[in-house]
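For reference, the structure discussed in these notes is given below.
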Amino acid sequence: DQQVKQNSPSLSVQEGRISILNCDYTNSMFDYFLWYKKYPAEGPTFLISISSIKDKNEDGRFTVFLNKSAKHLSLHIVPSQPGDSAVYFCAASGAGGTSYGKLTFGQGTILTVHP
Amino acid sequence: DTGVSQDPRHKITKRGQNVTFRCDPISEHNRLYWYRQTLGQGPEFLTYFQNEAQLEKSRLLSDRFSAERPKGSFSTLEIQRTEQGDSAMYLCASTPQRTEAFFGQGTRLTVV
């Protein structure tokens, strides 16, 4: 069962515009959510995270929104740059203790930003 | 370089052979994780260590797989009698406590 889903395999955006990547989850025990970026032949790189007690977290051009009632989160990138082109993974973690850092990932969304 | 280091980066092996991968986490991180990623999918959790103790194993980790972290520093992941279905990217990650996981560049395994 896919507990974290990214339903858009790919997204194409013009440079300077907003990129919105979406993620849905089913497990209500998840309480910490993360976005990772991955270039080919490299490991995932952490971008931004959000705790379930918040509904928004911003870091520069990146903002993550969490809608707990809908079990939905999104990553906004404004303005998008060609260097943002990569695969973006949504990930979720359960309640603290031993499960913290044990991540359940979505399938990824390939973002392409055109100059 | 103080990031997570994995060795080798690439491994091609014949079906039925044993392979071993190594992961060196960030030095002050006491938690170490192994993940597997296949084409078109996100990474999937395999197992987790806190210091030298292996605290959790996924059902994905068949009895052909074994992982160790003997002194709570580096870790090894061994696959015995490899099968073509074992072909994947094997990722290692480390984290100190309640923070994001830092991933290595992965070991790409191809079983022919």
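We did not get these values from a lab; they are worked out from the coordinates using the rules stated. Since the model is a prediction, treat every value here as computed from it, not as a measurement. Every residue, glycine as well, gets a Cβ built from its backbone with ideal geometry; the counts of neighbours run over all protein chains shown.
Candidates A:Ser52, A:Ser10: the one that is touching a strand residue (DSSP E or B) at 6+ places or on another chain (Cβ under 9 Å) and surrounded by 14 or more Cβ atoms within 10 Å (Cβ to Cβ) is A:Ser52. Any residue at all in segment B:4-14 that's of a type in the set (Gly, Ala, Ser), within 13 Å of chain A (Cβ to nearest Cβ) and farther than 27 Å from A:Lys5 by Cα? For segment B:4-14, residues of a type in the set (Gly, Ala, Ser), within 13 Å of chain A (Cβ to nearest Cβ) and farther than 27 Å from A:Lys5 by Cα: present.
Is it the case, given these coordinates, that A:Pro44 is within 14 Å of another protein chain (Cβ to nearest Cβ), buried (at least 17 other Cβ atoms within 10 Å of the Cβ) and over 15 Å from A:Ile20 (Cα atoms)? Yes; evaluated as a whole, the condition is true for this residue.
Listed here are the strands (runs of 3 or more DSSP E) enclosed by segment A:1-85 that have at least 3 residues being of a type outside the set (Lys, Arg) and over 23 Å from B:Ala93 (Cβ atoms): A:10-14, A:19-25, A:62-67, A:72-77.
Taken together, the criteria place B:Glu68 among residues that are touching a Ser or Thr at 6+ places or on another chain (Cβ under 9 Å), away from chain A (no Cβ under 14 Å) and of a type outside the set (S, T, N, Q). Only one entry in B:Gly40, B:Gly104, B:Gly3, B:Gly72 is touching a residue at least 24 places away in the same chain (Cβ under 8 Å) and at positive phi, namely B:Gly72.
The residue that is surrounded by the fewest Cβ atoms within 10 Å (Cβ to Cβ), among those in segment B:91-112 that are facing chain A (nearest Cβ under 8 Å) and small (Gly, Ala, Ser), is B:Gly104.
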